[in-house]
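Visitor: This is the structure I have questions about; it appears just below.
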Amino acid sequence: MNPALSVELEEFSGSGPLTGFDRAETTIAIEQTVRLGGKRQRAQAAARALTALASAECAVILREVELQGTVLFFEYVAALEDAELLEEAAETSEKLAETVRRRVAAGAAPPPEQSRADSATASARADAVFAWGLVEQRRYALAAIWGQSDPLFNTAIVEDSVVGALADPGNRSLHPQVRRAAASAAASRAAADVERAEAMPNVTFTAGMRRFEETGDSAIVAGVSVPLPLFDRNRDSARAADLRAQASQMNRAAVEARLLAEQRAAIAAVTAARQRLSLLEDTALPNATAAFEASMHGYAVGKFDLTTTIDARSALIDTQRAVLDAKTTLRIETARLKSLIGDTPFSGE
């Protein structure tokens with residue numbers, strides 16, 4: 001604690017012989033309180049623990065922002081891929097409409113089929129335009145997370161990584177939330193030590209000089225004061241601090257248990273997303289592509305009607321978009337798993 005400087009002026013401006021300052025007494029003294037019971041060291045330890053807690057909290061915020069940015073990035077990539085897919089679908093629809101136009105001109109198809117094909121083309125083009133608008137929304141949302149009001153990028157490339165060996169629940173101690181819980185427990189214990197030390201009274205030493213104006217003499221003054229802990233020994237505050245320390249320790253165990261459960265759930269989500277994507281890419285998409293190509297060829301030679309061809313085209317687009325959705329889900333769930341096991345959720349360009 002810092003020393004205190006005190007100045008006292010006594011016996012002046014009174015009545016009779018005490019009129020004025022001729023018989024005044026001036027005392028200048030310095031008071032220094034000595035904190036006993038290791039209070040200073042414990043207070044320093046508590047301050048360091050609070051600093052560590054603040055650092056751990058910053059790490060938690062940083063990890064959350066990293067994950068949020070990763071999710072936004074993958075959503076932007078998904079919007080790009082979906083817009084490109086719908087653009088390609090609109091071009092395919094235009095090719096189908098051109099085939100219908102030739103068949104109607106040749107008298108091989110009724111005129112209403114032309115109107116139906118043109119309507120489907122316009123609808124496909126509208127879907128593509130809307131998808132590109134969503135790309136712009138996602139682009140600005142992604143740029144905003146790092147404080148860029150006007151995005152300087154127009155595209156994104158992602159390399160899908162395999163989680164594999166990273167899916168280890170034993171790494172949960174690396175997660176910033178666990179470090180924050182541990183830092184909070186340490187800070188609470190340090191605060192409890194400070195409160196227990198307050199039961200020991202402090203000692204205040206006083207030393208100074210007194211001048212007697214009447215004679216011009218001066219003398220040294222000194223004193224010691226110690227509070228008597230008769231009514232307040234800080235027991236309630238110490239007890240409350242101990243309870244907070246116990247609660248912080250229990251919270252750390254709860255955080256570790258919750259992270260373990262979330263990690264296992266994330267592993268299950270990644271596994272399910274990977275299996276879904278595999279089925280869509282290996283079975284559903286090839287079959288839908290073959291069905292549409294066959295229907296297009298069959299319609300061109302008059303073997304299939306327009307309804308069959310349009311339905312096959314719609315089924316192919318739905319399957320292609322399902323593949324994109326499965327990829328996005330796998331990417332996001334992989335990022336969440338990486339974040340939960342203490343790894344950086346995103347790395348790459």
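The values are calculated or read from the model by the stated rules, or taken from the named source; none is laboratory data. The model shown is predicted, which means the values in this text are computed figures rather than measured ones. Cβ sites come from the backbone with ideal geometry, for glycine too, and all protein chains shown count toward neighbours. Areas reflect the complete protein model, heavy atoms only, side chains present, ligands, DNA and RNA absent. Shrake-Rupley method; radii C 1.70, N 1.55, O 1.52, S 1.80 Å.
Visitor: Along the charge dipole of the chain, Cβ charges K/R +1 and D/E -1, which of 34, 316, 78 sits furthest on the positive end?
Guide: 34
Visitor: Right, next: What does the accessible area per residue of the stretch 194-270 come to in Å², with a 1.4 Å probe and no ligands, DNA or RNA counted?
Guide: 67
Visitor: Using the crude model of +1 on Lys and Arg Cβ and -1 on Asp and Glu Cβ, and no other charge, please compute the dipole size for the stretch 239-311 relative to its Cα centre, in debye to 20.
Guide: For this selection, approximately 660 debye.
Visitor: Convert each backbone phi in the stretch 322-328 into a coupling constant with the Karplus relation 6.51 cos²θ - 1.76 cosθ + 1.60 (shift: θ = phi - 60°), then list the ³J(HN,Hα) values in order as whole Hz, x for Gly and Pro.
Guide: 5, 5, 4, 5, 5, 4, 5
Visitor: To test your reading of the geometry: what angle, between 0 and 90 degrees and rounded to tens, separates the Cα axis of helix 112-144 from the longest principal axis of the chain?
Guide: 20
Visitor: Rank by packing, highest mean first: peptides 99-105, 58-64, with packing defined as the count of other Cβ atoms within 10 Å averaged across residues.
Guide: Result, highest mean first: 99-105, 58-64.
Visitor: Towards the positive end of the charge dipole of the chain, with charges on Cβ (+1 Lys, Arg; -1 Asp, Glu), say which of 119, 153, 249 has the farthest Cα.
Guide: Working it through, the farthest residue towards the positive pole turns out to be 249.
Visitor: Counting only protein chains, not ligands or nucleic acids, how are 1, 296 ordered by accessible area (probe 1.4 Å), most first?
Guide: 1, 296
Visitor: Among 87, 75, 98, whose mean-square fluctuation peaks in a Gaussian network model of the chain (Cα, cutoff 10 Å)?
Guide: 98
Visitor: How far is helix 235-279 tilted, in degrees, relative to the longest principal axis of the Cα atoms in the chain, given as a value from 0 to 90 rounded to the nearest 10?
Guide: Result, in degrees: 10.
Visitor: Angle check, please: helix 176-197 long axis (alpha carbons) against the longest principal axis of the chain (alpha carbons), in degrees 0 to 90, nearest 10.
Guide: Here the helix axis deviates by roughly 10 degrees.
Visitor: If you build a Gaussian network model of the chain, linking Cα atoms that sit under 10 Å apart, which residue out of 149, 13, 237 swings the most?
Guide: In this elastic network of the chain, the residue with the biggest mean-square fluctuation among 149, 13, 237 is 13.
Visitor: Same structure, new question: Obtain the radius of gyration and the Kirkwood radius of the stretch 69-111 from its C-alpha atoms and give Rg over Rh.
Guide: In the stretch 69-111, Rg relative to Rh is 1.41.
Visitor: Long-range amide H contacts for residue 221: which residues qualify at under 5 Å (H placed 1.01 Å from N, peptide plane, sequence gap of 5 or more or a different chain)?
Guide: 208, 209, 210
Visitor: Would you list the P(r) distribution for the chain, with all Cα-Cα distances sorted into 20 Å bins from 0 and each bin expressed as a whole %?
Guide: 19, 29, 21, 15, 10, 5, 1
Visitor: Name the most mobile residue of 122, 219, 192, meaning the one with the largest mean-square fluctuation, in a Gaussian network model of the chain with Cα contacts below 10 Å.
Guide: Of 122, 219, 192, the most mobile in the Gaussian network model is 219.
Visitor: In whole angstrom, note down how far apart the Cα centers of the stretch 248-277 and the stretch 67-93 are.
Guide: Between the Cα centres of the stretch 248-277 and the stretch 67-93 lies a distance of 28 Å.
Visitor: Under 30 Å from the Cα of residue 327, which lysines turn up, not counting those fewer than eight places away in the same chain?
Guide: Qualifying lysines at Cα under 30 Å: 95, 338.
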